[in-house]
Structure formats: structure tokens, C-alpha cells
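Below you'll find the structure, written out as C-alpha cells, and then a few comments.
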Amino acid sequence: MPAGGCGREGYRKLYAPTKDSVDLLFAFGLASEAHERSRQDSRVVDVLKKWSTCMDKSGYGGIGTPYEVIEKLGLENDKGGPKAVTAARADVACKREVNLVGIWGAVEKAYQERLVEEHAETLALYKKQREARFKLAASLGR
């Protein structure tokens, strides 16, 4: 019996076959990092304040970000009901008014591009290893 059992052995063979193996979640980690950096960027913070002010004027006060809408409005159990639809319309109108999606998207894209440049070598290795892992996994099912 391999150390850690068969599950650990299977994981090691597919996801960490060599000492230089790049974690399959590496790219997701970079995407998450870019998003988190964008959330803290002054341009995004500013446009979120404008969006929040617009939502307040639309009758939805106390909401700081789009991530808070469902919880702050108590829509957890009725995401498709009339109250949710009305709130969604206000949300979309405010996003358009302040160009939230355009600004945030551009800022996040810039952070993504910077991280891709900073990690180009690791990402190239990641791509090569991912393709090899997929081939190996496909061959194991035969």
C-alpha cells in the first residue's frame, strides 16, 4: 500500500509527478489575486462608491458592493421573485450609469496582464504540464 493510500498515489501521479510540478490551481490563484487587487484599487473603490450612491437613490441604501445585494436585501430564498427582479433592474441601471463593469473589467484585466508577465515562465510550464496530465489521465481510462 502506498503512503497515503491509493487516493494519494493517484493524486501524486496525476498532479505532482515531478518535483517541479506546478499546482493545477496556480492559474486560478493568479486570477483570484488579480480580482482581489482590483477590488482594492482606488479606481474600483471610487466607482463602487458611485454605484452605491446610485443604488441608494434608487431606494436600496446601505449596499456597498454588488456582492452584498442578495444578503442586504434579504433575497437569499427568493432570488427570482419580484423584489429580486426590481432590485436587479436598479443594479443594472446603476452599473450602466457609472460604468462599473467597464472600469472594473479594465482594472482587473491590467492586473491579470501584469501577473501573466510576472509569472510567464511558470505559466508556460503549467500549460505544458497540464497537457501532459490530461494525456496521462486519458490513457488511464483505457
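The values are calculated or read from the model by the stated rules, or taken from the named source; none is laboratory data. Small disclaimer: the values here were computed from a predicted structure and weren't measured. Here Cβ is always computed from backbone atoms with ideal geometry, including for glycine, and neighbour counts include all displayed protein chains. Ligands, DNA and RNA are stripped out before the accessible areas are found, and what is left, the full protein with its side chains, is counted by its heavy atoms. Shrake-Rupley method; radii C 1.70, N 1.55, O 1.52, S 1.80 Å.
General remarks:
- A cysteine counts as unpartnered when no other cysteine's C-beta lies under 4.7 Å of its own; in the chain this applies to C6.
- Shape category assigned to the range 74-116 from the gyration tensor of Cα positions, a/c cut at 1.5: oblate
- Unit charges on C-beta of K, R, D, E only; dipole of the chain, Debye: 480
- Rolling a 1.4 Å probe over the heavy atoms of the protein chains gives the chain an accessible area of 68 Å² per residue.
- Of all accessible heavy-atom area on the chain, the percent that carbon and sulfur account for (1.4 Å): 55
- The chain: calculated mean residue ellipticity at 222 nm from DSSP helix runs of at least 4, using -39500 (n - 2.57): -23500 deg cm²/dmol
- Among the chymotrypsin sites (Phe, Trp or Tyr not before Pro) within the range 17-120, not one is in coil by DSSP while having at most 10 neighbouring Cβ atoms inside 10 Å.
- Modelled spin labels at A93 and K49, positioned 7 Å past Cα toward Cβ, are 2.4 nm from each other.
- Peptides 36-49, 71-84 ranked from most to least packed, by the mean per-residue count of other Cβ atoms within 10 Å: 36-49, 71-84.
- Rg [Å, one decimal], Dmax [Å, integer] - the chain, C-alpha atoms: 21.8, 65
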